[in-house]
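K.L.:
First the structure, then my questions, so here it is.
The values are calculated or read from the model by the stated rules, or taken from the named source; none is laboratory data. The model shown is predicted, which means the values in this text are computed figures rather than measured ones. All Cβ positions, glycine included, derive from the backbone under ideal geometry; neighbour counts span all protein chains shown. Please note that ligands, DNA and RNA were not included when accessible areas were found on the heavy atoms of the full protein model with its side chains. Shrake-Rupley method; radii C 1.70, N 1.55, O 1.52, S 1.80 Å.
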Amino acid sequence: MIPKRRRSMSENRKSPMNRQKRRTGRRHPLATVALLALGLVFTGGAYAAFSTGTAQAESSANSQQTIDEGKKLFQANCATCHGLEAQGTTEGPSLIGVGAAAVDFQVGTGRMPMQMQGPQAQQKPVQFTDEQVKQLAYYVASLGPGPDIPADHLTNGGGDAANGAELFRINCAMCHNVAGAGGALTEGKFAPPLTDVSGVHIYEAMVTGPQNMPVFNDMNISPEDKRDIITYLKYVQDNRSPGGFELGSIGPVAEGLFIWIFGLGSLVAITVWITAKSN
Amino acid sequence: MSTATTNAPQKRSFTAAASVYVNERTSIAGFVKELGRKAFPDHWSFLLGEVALFAFVVVLISGTFLTFFFQASMAEVHYNGSYVPLKGVEMSVAMASTLDISFDIRGGLFVRQMHHWAALLFVAAIGLHMLRIFFTGAFRKPRELNWVIGFVLFILAMAEGFTGYSLPDDLLSGNGLAIINGMIKGFPLVGTWMSFLLFGGEFPGTDIVGRLYTLHILLLPALVVAFVALHLVFVVVHKHTQYAGPGKTPGNAVGPPILPVYAAKAGGFFFIVFGVLALIASLFTINPIWNYGPYDPSPVSAGTQPDWYIGFADGALRLIPPGWEFVWLDRTWSFNILVPIIAIGVFIVLALMYPFIEAWVKGDKREHHIADRPRNAPTRTAIGAAGVTFYAGLWAAASSDLLATHFSLTMEGVIHALQAVVILGPFVAYFITKRVCIALQKKDREIVLHGFESGRIVKLPGGEFIEVHEPLDEYERWRLVSFETYEPLMLRPNSRGKITFGQRLRAGMSRWFFEDRIAPVTKGELEAGHGEHH
């Protein structure tokens, strides 16, 4: 933890320079447009080239095979609850039309296959390799259209953190806490901390609304705004608090306990020491 | 130096010359001598008040620094400091200047954190100090007024804390003010008017930060300083209480004199408190307003809580079951707000008046300078325990959501459990504490009469095994037997031959206080006891 901390501190120190550059670039309206265009062309082009060149070619070549593999995995691991054709049973909902994103999220964060019934599916160590997760995802996606696994440029944290922070406070903080430290909901449900979720999973959580979380579709929050939210959460994940240890970022309760136990506790110990008989 | 020697006929050190100079102009020597000879009994718990005092000094010093940079204005600006995730965000000048203190002013974040940590410590130390005073009966005559002064200080400290918490105008402080606004509006008839008066219009308005700032840096600190001064004057006038011990009489105070040892220790202790706070402030984040962002009435964060000392009030609001609000005579009656306010108000008044209540029940007009051991005043100790349980239940309720997430419980379960703690807990605590105190007193009696078990088993010539009990030494015995007990007051008709309601009440209370009691060992018993011990 300490080396990580050091690294982020030095990044902190460097960042004003980066910002300076960015700011001067931004001031020129044309520069912004040019940059945007360039960025779009570049990322779009690269993405297209990449996906057509390799992934797409591969997955189209393997696509039926991928789906078949996924189906096998599904029937072995998920069918007891979701049904052999993912049509749903009394134990679990139908997955037709939930899309690849839902499966990638649920399986990729270790929530599915669900282990025990409870107020909320618990996260466990992920049980499948990345490849198997994708196979499952594309199998379920083949059953009906639904949200897809998001593209990399939306989830790599390259957006506007300030806009993201504002959106996060308005849309998410009431459940997840402003610093993404998590919070309680009713009846034993809770919004988990967002301190080590990947950008892809954040995006997928928003578009699929797992369990007690609402769905934020593209009408509520546009893909670019989602990217900004991810940027903010990444910023919080990568930059530890400038004030020192965060005490869990859960606010005044942790601070109060800390001052009573460690602050006042240590001072009481010192008073005992001061008044101890000196002989 | 050479000038000093030419001025004074005989050779004097610089310090001596300086003190003479000062004394000739202020006659302060007598005062210093008198104060310096005051004895200060040595017990760790007698230093808790000093922790509070020193924490307050740290609050004053760090707060002064902050006033140089904080701007109490609610005018809107676009933040342009160095914290990236807030760049360009619209916020009040108050918030922006607090962010500048945190990120762009050298040492600002450290001082800000020190100020806030010291404030938390200040109130916590007052709380612990008050518990010490309560449980040792140090509030009895002649110190009742000083208890009241101390209690007022506690409330002022909470007010200081709350006004400070609200100044940065971030989401958290705004949410706190929104709750206060709701509470004020909960008062029937006058609520809405009062709210408009306080906020200068519809909440949140644009005045509140400036007004709170005046309270926070001018009015409240002046009151705190004045009351602290009064409090200390009374401590000197009354002498310090002390625990029973040989040579310690109600009329004296035994301990090292204030000068030089005690003063040196206390001076050193200030730097220790300062150091501990500096360490905490440099290592641990407090109130990261940059996470909360500017106040905006729509979002509320999960885990929104007040600072710990306001927690009991927040908890009281959370524990009220839903639906205690109804419309009658075209008005909304918010019992969900009035009931907690009244409950807390009654609790505070009872605690504030406790010295007078206890003296009245006992019919006790004597002065008391020897601190009670808590077990020797079982009813008082039990009342204290009940009060602490009540307060602690409310306090815990302020973190009901965190209790739920951190211990994998349901919110509803936590709330119901804490409702039980707040309502039934005090009775349970009262009963258990009283029994424990009485049991401890019985044990003390045993020890005084029969000595303590030495663990040495001896076989008598007749074949019988006994454990040898060692008698106590004189000092220890003195500590155990010197306390006062009271008997329940008798109901006697007054001069007109009547028994008034007040007297009945008093006799009833007195019976409740003293019906179970363990009297201290008397001289006679002691001698008899010595005869029979093995």
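K.L.:
Past the 20 Å Cα-Cα mark, which pairs from B:Lys362/B:Lys434; A:Lys72/A:Lys134; B:Lys239/B:Lys523; B:Lys248/B:Lys434?
P.N.:
Flagged as over cut-off: B:Lys239/B:Lys523; B:Lys248/B:Lys434.
K.L.:
Roughly how many whole Å is it from the C-alpha centroid of region B:434-471 to that of region A:80-124?
P.N.:
When both Cα centres are located, 68 Å separates them.
K.L.:
Could you tell me how many degrees, from 0 to 90 and to the nearest 10, lie between the Cα long axis of helix B:14-26 and the main elongation axis, the longest principal axis, of the Cα atoms of chain B?
P.N.:
So the inclination is approximately 90 degrees.
K.L.:
From the square roots a ≥ b ≥ c of the eigenvalues of the alpha-carbon gyration tensor of region B:26-311, which class results: rounded (a/c under 1.5), prolate (a/b over b/c), or oblate? Present the calculation step by step, with values, prior to reporting the outcome.
P.N.:
Values: a/c = 2.58, a/b = 1.84, b/c = 1.41.
It comes out prolate by the Cα gyration axes.
K.L.:
Here is a follow-up. Starting from region A:208-279, pick out the trypsin sites (Lys or Arg not before Pro) whose DSSP state is loop and whose Cβ has at most 12 other Cβ atoms within 10 Å.
P.N.:
Numbers: sites: A:Lys226, A:Arg227, A:Lys234, A:Arg240, A:Lys277; in loops: A:Arg240, A:Lys277.
Sparse-neighbourhood loop trypsin sites (Lys or Arg not before Pro): A:Lys277.
K.L.:
Given H placed on each backbone N at 1.01 Å, which residues far from A:Ala181 in sequence or on other chains put an amide H within less than 5 Å of it?
P.N.:
A:Leu194
K.L.:
Given DSSP loops and a limit of at most 16 other Cβ atoms within 10 Å, what is the longest stretch of chain B that contains no such chymotrypsin sites (Phe, Trp or Tyr not before Pro)?
P.N.:
Working: sites that count: B:Phe68, B:Phe69, B:Trp324, B:Phe407, B:Tyr486.
The longest such stretch corresponds to B:70-323.
K.L.:
Could you run the Karplus curve 6.51 cos²θ - 1.76 cosθ + 1.60 with θ = phi - 60° over region A:70-86 and give me ³J(HN,Hα) per residue in whole Hz, x for Gly and Pro?
P.N.:
x, 4, 4, 4, 4, 5, 6, 10, 10, 5, 4, 9, 9, x, 4, 9, 6
K.L.:
If you take the square roots of the eigenvalues of the alpha-carbon gyration tensor of region B:373-534 and sort them as a ≥ b ≥ c, do you get rounded (a/c under 1.5), prolate (a/b over b/c) or oblate? Display every interim value, and only then the final one.
P.N.:
Numbers: a/c = 3.62, a/b = 1.35, b/c = 2.69.
Because a/c hits 1.5 or more and a/b fails to exceed b/c, region B:373-534 counts as oblate.
K.L.:
Which percent, nearest 5, of DSSP beta bridges in the protein assembly as shown are antiparallel? The partial results should precede the final answer.
P.N.:
On the way: 17 of 20 bridges.
Just about 85 percent of them are antiparallel.
K.L.:
Toward the positive end of the charge dipole of the protein assembly as shown, about the Cα centre and with charges on Cβ (Lys, Arg +1; Asp, Glu -1), which of B:Leu449, B:Gly150, A:Gly244 goes farthest?
P.N.:
Positive-most Cα among the choices belongs to B:Leu449.
K.L.:
With solvent modelled as a 1.4 Å probe, how much accessible area in total do chains B and A shield from it at their shared surface, in Å² to the nearest 100?
P.N.:
Counting both chains, the buried surface is close to 4800 Å².
K.L.:
Give the long-range amide H neighbours of B:Ala371: residues separated by 5 or more places, or on another chain, with amide H under 5 Å away, using H modelled in the peptide plane at 1.01 Å from N.
P.N.:
B:Gln242, B:Tyr243, B:Ala244
K.L.:
Given +1 on the Cβ of Lys and Arg, -1 on the Cβ of Asp and Glu, and no further charges, what dipole in debye does region A:224-279 carry about its Cα centre, rounded to the nearest 20?
P.N.:
With only Lys, Arg, Asp and Glu charged at Cβ, the dipole is about 300 debye.
K.L.:
Give me the percent of the accessible area of chain B that comes from carbon and sulfur atoms, probe 1.4 Å, all protein chains in place.
P.N.:
Numbers: 18140 of 26520 Å².
About 68 percent, which is the carbon plus sulfur part of the accessible surface.
K.L.:
Ok, one more. Using θ = phi - 60° and the Karplus form 6.51 cos²θ - 1.76 cosθ + 1.60, what ³J(HN,Hα) does each residue of region B:311-323 get, whole Hz, x for Gly and Pro?
P.N.:
These are the phi-based 3J(HN,Hα) values: x, 4, 6, 4, x, 4, 5, 6, 7, 5, x, x, x Hz.
K.L.:
Given a 1.4 Å probe, show me the residues in region A:243-268 buried by at least 50 Å² of accessible surface when comparing the whole protein assembly to the chain alone.
P.N.:
Residues losing area: A:Gly243, A:Phe245, A:Ile250, A:Pro252, A:Val253, A:Glu255, A:Phe258, A:Ile259, A:Trp260, A:Leu264, A:Leu267.
K.L.:
Around B:Phe284, which amide H atoms from residues at least 5 apart in sequence, or from another chain, sit under 5 Å from its own amide H, with H modelled in the peptide plane?
P.N.:
Excluding prolines and chain starts, which carry no amide H, the hits are A:Phe245.
K.L.:
A further question follows. Loop-only GluC sites (Glu not before Pro) in region B:456-508, please: DSSP not H, G, I, E or B, and at most 16 other Cβ atoms within 10 Å. Show your work: numbers first, answer last.
P.N.:
Details: sites: B:Glu464, B:Glu467, B:Glu474, B:Glu476, B:Glu484; in loops: B:Glu464, B:Glu484.
Listed in order of number, the matching sites are B:Glu464, B:Glu484.
K.L.:
Can you list the residues of region A:156-205 that have at least 50 square angstrom less accessible area with all protein chains present than in their chain by itself, probe 1.4 Å?
P.N.:
Residues shielded by partner chains are A:Ala162, A:Arg169, A:Val178, A:Ala184.
K.L.:
On to the next question. Express the accessible area of region B:26-311 per residue in Å², computed with a 1.4 Å probe while the remaining protein chains stay in the model. If you can, show how the numbers build up before the last one.
P.N.:
On the way: 11240 Å² over 286 residues.
Per residue, region B:26-311 has an accessible area of 39 Å².
K.L.:
Can you tally the net charge around B:Thr163? Count Lys and Arg as +1, Asp and Glu as -1, for every other residue whose Cβ sits under 12 Å from the Cβ of B:Thr163.
P.N.:
Details: positive: B:Arg211; negative: B:Glu160, B:Asp307.
Spelling it out: positives minus negatives among the neighbours equals -1.
K.L.:
Once you list every other residue whose beta carbon is under 9 Å from the beta carbon of B:Ala138, what net charge do they have if Lys and Arg are +1 and Asp and Glu are -1? It would help to have the intermediate numbers written out before the result.
P.N.:
On the way: positive: B:Arg132, B:Arg140, B:Arg143; negative: B:Asp372.
It works out to a net charge of +2.
K.L.:
Short version: ³J(HN,Hα) in whole Hz for each residue of region A:231-244, in order, from phi by Karplus 6.51 cos²θ - 1.76 cosθ + 1.60 (θ = phi - 60°), x for Gly and Pro, what are they?
P.N.:
Those phi angles translate into 4, 5, 4, 5, 4, 5, 5, 8, 10, 5, 4, x, x, x Hz.
K.L.:
Mind checking the dipole of the protein assembly as shown: about its Cα centre, +1 per Lys or Arg Cβ, -1 per Asp or Glu Cβ, Debye to the nearest 20?
P.N.:
Using Cβ point charges on Lys, Arg, Asp and Glu, the protein assembly as shown gives about 3080 debye.
K.L.:
Are there trypsin sites (Lys or Arg not before Pro) in region B:364-450 that DSSP marks as loop and that have at most 14 other Cβ atoms within 10 Å, and which are they?
P.N.:
On the way: sites: B:Lys365, B:Arg366, B:Arg375, B:Arg380, B:Lys434, B:Arg435, B:Lys442, B:Lys443, B:Arg445; in loops: B:Lys365, B:Arg366.
Passing both the DSSP loop test and the Cβ count: B:Lys365, B:Arg366.
K.L.:
What is the distance in Å between the Cα centroid of region B:17-32 and that of region A:194-254?
P.N.:
Their Cα centres are 66 Å away from one another.
K.L.:
Here is a follow-up. Would you mind calculating the gained length between A:Ser198 and A:Thr89 on full extension (0.36 nm times residue separation, minus the Cα-Cα distance), in nm to one decimal?
P.N.:
Values: separation 109, 0.36 × 109 = 39.24 nm, distance 3.07 nm.
Here the answer is 36.2 nm.
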